[in-house]
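Following: one structure in structure tokens, then a few remarks.
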Amino acid sequence: MIELQDICRSFVVGDETVHALDHVTLDIAKGEYISIMGASGSGKSTLLNMLGLLDEPNSGSYQFQGKELTTLSEEKRAAFRRENIGFIFQSFHLIPRLTAAGNLELPLMLMGMSPAERRKRSTKVLADLGLSDRAHHLPKQLSGGQQQRVAIARAMILKPPMLLADEPTGNLDTHSGTEVVKILEALNVSGITLVVVTHDVALGRRAHRRIRMLDGKIVQDESSRSNESAT
Amino acid sequence: MRTADYAMLAFSSLRFSRLRTYLTALGIAVGIAAVVLLTALGGGAQDYMLGQFTQFGAHIIAVNPGKTTTMGVSGAVISNIRPLSLEDAEGLRRIPNVRSSVPVVQGNSPVEHGNRTRWTFVIGVNHEVPQTWKINVAQGRFLPNEKLEQARNLAVIGYKIKQELFPGRNPLGEFIRIGQERFRVIGVMESKGQVLGFDMDDIVYIPVYRAMSLYNRESLMEVDLLYAAGRDEKQIVERIKKYLIERHGGEDFTITSQTDILGTLGSILTILTAVVAGLGSISLLVGGVGIFTIMSIAVNERIKEIGLLRALGASKRQITLLFLFEAAVLSGLGGVAGMLTGLSIAWLMHFFIPALPVSVSWDYVLLAEIIAIATGMVAGLLPARKAASMAPVEALRSE
Ligand SMILES: Nc1ncnc2c1ncn2[C@@H]1O[C@H](COP(=O)(O)OP(=O)(O)O)[C@@H](O)[C@H]1O
Ligand SMILES: [Mg+2]
């Protein structure tokens, strides 16, 4: 589904150039469950942002289902993100002024869906997550686990084929973390390609394919199971 | 994205930082309130003045002795000035399209009846006052058309004189004493109230010839001419001028038409309007700077949110519109608040000081509101563009 070829991304900080991604080449098949691990500053987030088209490489190519994406205009990239990528962040990134339902409906709102249709969808999704009674609560009235579940629901509400999670359990206690991981894995089982950046070794091990990064390079890429659907 | 949703998001963030919203909107509100209030007062003044000046009808021309220049009355300087005479008034009456001619001599005297006395204006005129000054007799009749020198001692009194000297009684046929002479009351005028600060009800009309002898005058103070509606005023003024110059041998008189007065009035009001507009623009500019500041702060505070929206697929255009909407709603709210405040103050002023004329010009109100929103959007444009041009990753990383 995804082919990254010789992707380089560097940042100039002061007079120093940091090579956040240093000739990264990576193929991802549809339905894979991948974890990305590595020391802080090794380029994990940069790689995830690259996959999600939030960032542009200095060089290299990015093909999605055979289509070159590095040449897309910013507006097209935005549309691509909306249709194909679900993002989950360590700090949830819920808008504090909007209720759980309001946050959940943001992607639908951005695409111009009618309020009635939005409400119908968000009600169903919140029910699936067991958050029906929290629909009209503001983020600050929700626990961390609940906030992250709302964020996952928001990422998935347009049913994108790929879910990118940057340390999704980083701000959660063990119990909530496990719950969130279960939801993500259930989504993967239903066919969604899942890429998780994590510091948590136990969580990293659960992935079918584990990538390790060091100084902007992929230094390890192992698959433990052969049953992942590569079709 | 739907317009209603832009508005919803804008309202949600304005509600979130309420105090800030109020203070920023206040900046705009003050300007709009000032404009609405000042234009209401200005409009009121204009309506009032126009009403006052056209009270006598728009087709009236006044001739006064002496020449008024821009430096003031300089009649005294011209030695061979000839006063306006009764013959002048009669002659002017014969100019084509002049419908009536009222010679005027005015004085101030005590008017007595029985043991009651009232100091009042005594005006010497002829029989053509009602049609010329657009004032009617309520009771009895006006002065008759008599040969000037043979005019009898008849008087027509104002409404207030009737009340003061003849409370609860019919004044017709009764006698009043003005100076050393007795006048028989033959009519009472309808009540007109104040016109340009002059109480039209506190007047006694007597034949002009009698007034001249009463006040020892050889000449008239003014001649009021009514001309036929729809006729060219300029042409008539020219004829009057020509006629009097011929008789007097020079221009030793002043002709004032309604158009002259209204023209002067108009230019004063134009200046007034410009001043109001200037004040309004300055306060709107200040309000605009406030909105610019607040929107810049809002963009900085919400960098992460912008990043998130971009990650969710929001386009640059959508981000720009989001902040522009917020600025527009902010200034629009300020505008509405200012409008209501201005209108309420105008209304209150009119309520407590009924004499104060107030006239709200909705054109200005609407224009002010549009300008308020436009100001907000212009002020919000730069911050909004800044928000939209932020790289999504940078926005998400910011702490
Ligand atoms: N926007 C940026 N500006 C400057 N330096 C950056 C930026 N993004 C990432 N970096 C640098 O690139 C390197 C990789 O960052 P990142 O991908 O966030 O690491 P990780 O997520 O593995 O901790 C780090 O050295 C980081 O400081
Ligand atoms: Mg990171």
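The values are calculated or read from the model by the stated rules, or taken from the named source; none is laboratory data. For clarity, every value in this text was computed on a predicted model and none was experimentally measured. Virtual Cβ from ideal backbone geometry, glycine too; neighbours counted across all protein chains shown.
Among the strands (runs of 3 or more DSSP E) contained in region A:9-77, which hold 1 or more residues that are within 16 Å of ligand 2 (Cβ to nearest atom) and in contact (Cβ under 8 Å) with a residue 60 or more places away in the chain? Give the steps one after another, and end with the answer.
On the way: elements: A:16-28, A:33-38, A:59-64.
Those strands (runs of 3 or more DSSP E) span A:16-28, A:33-38.
Name the strands (runs of 3 or more DSSP E) wholly inside region A:117-231 in which the number of residues that are within 28 Å of A:Gly102 (Cβ to Cβ) and touching a residue at least 40 places away in the same chain (Cβ under 8 Å) is 1 or more. Give the steps one after another, and end with the answer.
Working: elements: A:162-166, A:193-197, A:209-214, A:217-223.
The qualifying strands (runs of 3 or more DSSP E) are A:162-166, A:193-197.
For region B:1-15, give me each residue that is under 18 Å from A:Leu138 (Cα atoms), surrounded by fewer than 20 Cβ atoms within 10 Å (Cβ to Cβ) and either touching an Asp or Glu at 6+ places or on another chain (Cβ under 8 Å) or within 8 Å of chain A (Cβ to nearest Cβ) (or both).
Across region B:1-15, the qualifying residues are B:Ser12, B:Arg15.
Quick one: which strands (runs of 3 or more DSSP E) lie wholly within region B:170-209 and hold at least 1 residues that are under 23 Å from B:Gln150 (Cα atoms), of a type in the set (Lys, Arg) and in contact with a Pro (Cβ under 9 Å, 6 or more places away or on another chain)?
Working: elements: B:175-178, B:181-189, B:203-207.
Correct list: B:175-178.
Yes/no matrix, rows are residues, columns are (1) within 13 Å of another protein chain (Cβ to nearest Cβ); (2) touching a His at 6+ places or on another chain (Cβ under 6 Å); (3) within 17 Å of B:Arg310 (Cβ to Cβ); (4) within 16 Å of ligand 1 (Cβ to nearest atom):
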site	(1), (2), (3), (4)
A:Ser61	no, no, no, no
A:Lys67	no, no, no, no
A:Leu72	yes, no, yes, no
A:Lys76	yes, no, yes, no
A:Ala79	yes, no, yes, no
A:Glu83	yes, no, yes, no
A:Ala100	no, yes, no, no
A:Ala116	yes, no, no, no
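Looking at region A:33-49 only, could you name the residues that are under 14 Å from B:Arg397 (Cβ atoms) and more than 6 Å from ligand 1 (Cβ to nearest atom)? Break it down into steps so the answer makes sense when it comes.
Within region A:33-49, the subset under 14 Å from B:Arg397 (Cβ atoms) is A:40-41, A:43-46, A:48-49.
A:Leu48, A:Asn49, listed by residue number.
Could you list all residues from region B:112-125 that are more than 15 Å from B:Arg217 (Cα to Cα) and either modelled with pLDDT of 95 or more or in contact with a Gly (Cβ under 9 Å, 6 or more places away or on another chain) (or both)? Don't jump to the end; show me each part of the working.
At the first step, the residues of region B:112-125 found to be more than 15 Å from B:Arg217 (Cα to Cα) are B:112-121.
B:Thr120, B:Phe121, listed by residue number.
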